1. Go through ILE95, ILE105, ILE134 for me and flag whichever is touching a residue at least 12 places away in the same chain (Cβ under 8 Å) and over 13 Å from the mean Cα position of the chain (by Cα).
2. Before we move on, is ILE194 among the β-branched types (Val, Ile, Thr), modelled with pLDDT of 55 or more, more than 21 Å from LEU165 (Cα to Cα) and not in a loop (DSSP other than H, G, I, E, B)?
3. Quickly run through the range 64-111 and pick out the residues that are under 14 Å from ASN37 (Cα atoms), among the polar types (S, T, N, Q) and surrounded by fewer than 19 Cβ atoms within 10 Å (Cβ to Cβ).
4. Output yes when any residue across the range 92-114 is in a loop (DSSP other than H, G, I, E, B) and at pLDDT below 90, and no when none is.
5. Determine whether the range 12-21 contains at least one residue that is in contact with a His (Cβ under 9 Å, 6 or more places away or on another chain) and modelled with pLDDT of 80 or more.
6. Could you check PRO214 against (1) closer than 19 Å to ARG75 by Cα; (2) of a type outside the set (A, V, I, L, M); (3) surrounded by 11 or more Cβ atoms within 10 Å (Cβ to Cβ); (4) at pLDDT below 60 and say which number it fails?
7. Could you go through the range 140-156 and let me know if any residue there is hydrophobic (A, V, I, L, M, F, W, C) and either modelled with pLDDT under 85 or outside any helix (DSSP H, G or I) (or both).
Amino acid sequence: MTVVTYPELDESGRGLDRTIGFSDGVFAIAITLLVLNFRVPQVPSHGVDAHLLDALTDETGTLTGFVVSFYVVARFWIAHHRLSVLLRRVDSTFIALNLVFLGAIVFLPFPTEIVGRYGQSTTAVVFYASAMTITGVLSGAVWQYAITHGLTDERMTPQAKRQALARSAITPLVFATSVPIAFVDPGTAKLWWILLVGQRIVSRRLGGTEEPSPRRARRS
């Protein structure tokens, strides 16, 4: 009896393209789902302006959650896109790790809705920050695996590696450090997330100024 085994994935052609294409699709779905947290308010026909203004004001927390999540998910996509142009090939472990990361991405609309509606509570802020921390760690793990297992091309110099890893550490660090703050004051914890806008500056300071060319990786 002949036993047929599947070869270890080590693809630089269609497998790489499908991995990138699927990832982009998941990011697009996750970002689209964020806007579904908004509901068109139902207001009485008498005094529409006043009631509508009050209803829209009540959505301020949802809008804040949307803006923060859109920004962070967009940053995750930019990082993933930057990695995709450096990839020469993928293997089965990379695909599995990438799927776990994408699972965390598509989950984010749920904690976004929670923090949007209950943003003044410690539980909501901790839940949201924890979800973002885990997603950020997984994003960094995808980068780390690709770099250490030789899946990227020659443009990933030691200095570029340091910068990439420094950049991937900032988002989970900001959200993780906001968790203990949330137990003291949830509002201050949310203000702490403003530090995310300095991500690029900090990563350049820690990793240097060299960045790989955005030219698509040449397949081998």
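1. Details: ILE105 fails: over 13 Å from the mean Cα position of the chain (by Cα); ILE134 fails: over 13 Å from the mean Cα position of the chain (by Cα).
After applying the criteria, what remains is ILE95.
2. Working: among the β-branched types (Val, Ile, Thr): yes; modelled with pLDDT of 55 or more: yes; more than 21 Å from LEU165 (Cα to Cα): no; not in a loop (DSSP other than H, G, I, E, B): yes.
No; evaluated as a whole, the condition is false for this residue.
3. Within the range 64-111, THR64 is the sole residue that qualifies.
4. Just the residues of the range 92-114 that are in a loop (DSSP other than H, G, I, E, B), to begin with: 108.
Subset that is at pLDDT below 90: none.
Looking for residues that are in a loop (DSSP other than H, G, I, E, B) and at pLDDT below 90, one finds none in the range 92-114, hence no.
5. First, pick out the residues of the range 12-21 that are in contact with a His (Cβ under 9 Å, 6 or more places away or on another chain): 20.
In the following step, the residues that additionally are modelled with pLDDT of 80 or more were identified as 20.
Yes, because at least one residue in the range 12-21 is in contact with a His (Cβ under 9 Å, 6 or more places away or on another chain) and modelled with pLDDT of 80 or more.
6. (3)
7. Initially, the range 140-156 is screened for residues hydrophobic (A, V, I, L, M, F, W, C), giving 141-143, 146-147, 151, 156.
Those still in the list that are either modelled with pLDDT under 85 or outside any helix (DSSP H, G or I) (or both) too: 151, 156.
The answer is yes, given that some residue of the range 140-156 is hydrophobic (A, V, I, L, M, F, W, C) and either modelled with pLDDT under 85 or outside any helix (DSSP H, G or I) (or both).
The values are calculated or read from the model by the stated rules, or taken from the named source; none is laboratory data. Keep in mind it's a predicted model, so treat the numbers as computed, not measured. All Cβ positions, glycine included, derive from the backbone under ideal geometry; neighbour counts span all protein chains shown.
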